[in-house]
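Working notes for the structure below.
The values are calculated or read from the model by the stated rules, or taken from the named source; none is laboratory data. Since the structure is predicted, the reported quantities are computational estimates derived from the model, not experimental observations. Here Cβ is always computed from backbone atoms with ideal geometry, including for glycine, and neighbour counts include all displayed protein chains. Ligands, DNA and RNA are stripped out before the accessible areas are found, and what is left, the full protein with its side chains, is counted by its heavy atoms. Shrake-Rupley method; radii C 1.70, N 1.55, O 1.52, S 1.80 Å.
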Amino acid sequence: MQGQSGPVVLFLRLCLSHRKVVFVCTLAAAIFVMIQWTMIPIDVKHYEGARSERFGAVPGHRTEKPNIVFILADDYGWNDIGYHNSFIHTPNLDRLASEGVKLENYYVQPICSPSREQLMTGRYQIHYGLQHSVIMCDRPHGLPLDEVTLPQRLKENGYSTYMVGKWHLGFFRKEYMPLQRGFERFFGYLTGGEDYWTHRKPSQFSKDPSEFHGLDLRDQDKPVLDQNGTYSTHLFARKAIEMILNHDQSKPMFLYLPFQAVHGPLEAPEEYKRIYDDIENNLVRTYAAMVTVMDEAVGNVTGALKHRGMWRNTILIFSTDNGAKKGKGTNWPLRGWKNTLWEGGVRGVGFVNSKLLKKKRRTTDALIHISDWFPTLLRISNGSTAGTKPLDGFDVWDTISTGAASPRKEILHNIDPLKPSSPLQSSHKLYGDIFNTSVYAALRSGDWKILTGSQDRGGWKHEGPSHNLFDKPNDPPEKSIWLFNIRSDPEEKEDLSDSHPGIVQDMLIKLAEYNKTAVSPFWPPRDLRANPALHGDLWGPWL
């Protein structure tokens with residue numbers, strides 16, 4: 001130690017010369033070093049960046065599980081968001097999307113329940129018998145109880161699981177309701193659609209207005225009777241914010257927020273409609289106002305996350321459940337609308353915002369499907385897919401976070417043998433030895449997409465502030481096969497089925513292989529016991 005000096009060295013020499021006080025000296029030296037260490041400046045931004053990199057590079061080794069907020073819009077059209085050049089004001093959605101990753105080759109299902117089913121299970125609906133239509137409120141069916149749901153797995157993994165909004169996955173028995181499918185807290189409604197102000201679902205099944213008409217709004221398992229007159233988008237945002245503000249941050253949070261907006265009926269507060277006073281068409285004006293209310297609600301929810309200091313460790317996902325309904329919103333320039341397998345029905349608005357993304361402020365055209373969220377969210381939460389039934393979804397976190405290639409190469413949009421075929425197609429035998437092309441089906445494989453069966457011919461509809469354009473296709477009524485190169489023709493205008501018979505054959509072989517794995521559709525008859533008049537004017541379990 002010759003030639004060395006300084007307070008620490010002199011202090012240690014003194015301690016070593018007196019063996020009886022070595023222990024005390026050593027302890028004092030350690031305290032001294034710790035004091036000096038606390039004076040070293042720390043680059044917080046560098047530290048947060050390093051933590052984000054570890055999260056992406058070494059999944060399963062995070063000490064802090066991220067909060068997950070999944071916002072699902074209802075019947076929200078491709079062209080109804082600002083960054084797709086819409087006239088509708090969506091500043092919050094535009095900002096969140098621009099800060100994160102826009103998913104421009106992202107697919108959902110063409111109607112409400114199937115999208116929610118595949119989000120919750122990571123599995124195609126052909127594998128549990130729900131390939132026909134939506135979950136109806138007067139039929140005894142729902143997401144099968146032997147299907148493992150996303151909130152169940154997240155809850156097992158230590159998450160607090162909250163849901164606010166639309167369920168639409170079955171409620172004929174109590175076991176099918178949200179609190180029995182993995183959610184600890186639930187505020188919302190069970191059916192597919194209702195009045196935004198009264199929260200009553202009107203009769204769809206009877207000419208008698210007293211039948212199948214009832215209140216559908218619950219807090220946990222109890223009916224909510226004091227919110228008549230509160231607009232649902234405001235109500236659901238407020239309840240989501242309450243859950244955020246009351247959340248115990250010693251546990252990670254999963255918040256599922258499936259808004260009623262912008263599903264019909266078209267209803268909006270007058271102050272939001274006045275934003276679009278220059279629009280003469282009342283339906284277009286009302287729809288635009290509904291979108292703007294939803295946009296504001298999303299901004300308020302993300303503001304609450306920031307207020308509580310949770311935003312730095314939150315992954316926010318925004319998605320639609322299907323394209324806009326015909327006459328309500330627009331999917332321009334895509335063909336078709338809700339309830340069709342054209343791109344306008346199944347290509348969805350979607351984005352991810354998070355400080356945990358490695359590469360932000362970008363757009364990806366990687367192929368991603370709503371069923372992919374199940375394995376992806378389990379991976380980023382350090383959860384496990386072990387013990388689930390075979391998944392159709394893929395882990396696409398690296399694709400979203402780093403720009404890696406998507407592991408997904410195909411999407412089965414659906415195979416529905418119960419959808420009636422046209423009598424004009426019954427004599428169509430081409431490729432019948434491979435796959436019955438009168439069956440309603442669609443598949444995306446690579447850049448190719450095939451559609452079969454009695455498809456709604458679709459069209460190209462654009463609603464603007466001062467115009468309403470509609471182009472009709474020229475397909476003959478007996479047509480039952482379409483083939484498109486979606487990469488070069490996302491508008492599905494040039495059918496290539498006649499010029500590429502080999503590709504048609506290959507795609508039909510793929511459809512046939514998927515069909516071999518399908519279970520029979522479960523479509524029970526109507527049950528008159530579901531009538532809310534028999535249950536205190538409430539929609540709810542009846543068996």
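The table below lists the values:
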quantity	calculated
Qualifying positions in the stretch 313-355 - under 30 Å from residue 159 (Cα atoms) and more than 19 Å from the chain's Cα centre (by Cα)	313, 355
Boolean, residue 254 is surrounded by fewer than 24 Cβ atoms within 10 Å (Cβ to Cβ) and under 20 Å from residue 318 (Cα atoms)	no
The stretch 479-509 - residue that is hydroxyl-bearing (Ser, Thr, Tyr) and modelled with pLDDT of 95 or more and, of those, farthest from residue 410 (Cα to Cα)	499
Every residue from the stretch 240-266 that is closer than 16 Å to residue 300 by Cα and in a strand (DSSP E or B)	255, 256, 257, 258
Candidates 211, 242, 194, filtered to the one that is under 25 Å from residue 119 (Cβ atoms) and surrounded by fewer than 18 Cβ atoms within 10 Å (Cβ to Cβ)	242
The stretch 397-410, subset in a helix (DSSP H, G or I) and more than 16 Å from residue 350 (Cα to Cα), residue least open to solvent (accessible area, probe 1.4 Å)	402
Check on residue 285, closer than 23 Å to residue 338 by Cβ, touching a residue at least 12 places away in the same chain (Cβ under 8 Å) and among the basic types (Lys, Arg)	yes
Scope the stretch 359-396; condition buried (at least 17 other Cβ atoms within 10 Å of the Cβ), part of a loop (DSSP other than H, G, I, E, B) and not polar (S, T, N, Q); matching residues	366, 367, 383, 391, 392, 393, 394, 395, 396
Filter result (closer than 14 Å to residue 463 by Cβ, open to solvent by less than 30 Å² (accessible area, probe 1.4 Å) and touching a Phe, Trp or Tyr at 6+ places or on another chain (Cβ under 8 Å)) within the stretch 257-283	262
Tally, over the stretch 117-148, of residues that are over 25 Å from residue 316 (Cβ atoms) and assigned to a loop (DSSP other than H, G, I, E, B)	20
Of all residues making up the stretch 80-116, the number that are assigned to a helix (DSSP H, G or I) and in contact with an Asp or Glu (Cβ under 8 Å, 6 or more places away or on another chain)	8
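Let's see how each residue does on (1) surrounded by 23 or more Cβ atoms within 10 Å (Cβ to Cβ); (2) of a type in the set (Phe, Trp, Tyr):
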site: 88; (1), (2): yes, no
site: 103; (1), (2): yes, no
site: 106; (1), (2): yes, yes
site: 123; (1), (2): no, no
site: 138; (1), (2): no, no
site: 154; (1), (2): yes, no
site: 175; (1), (2): no, no
site: 181; (1), (2): yes, no
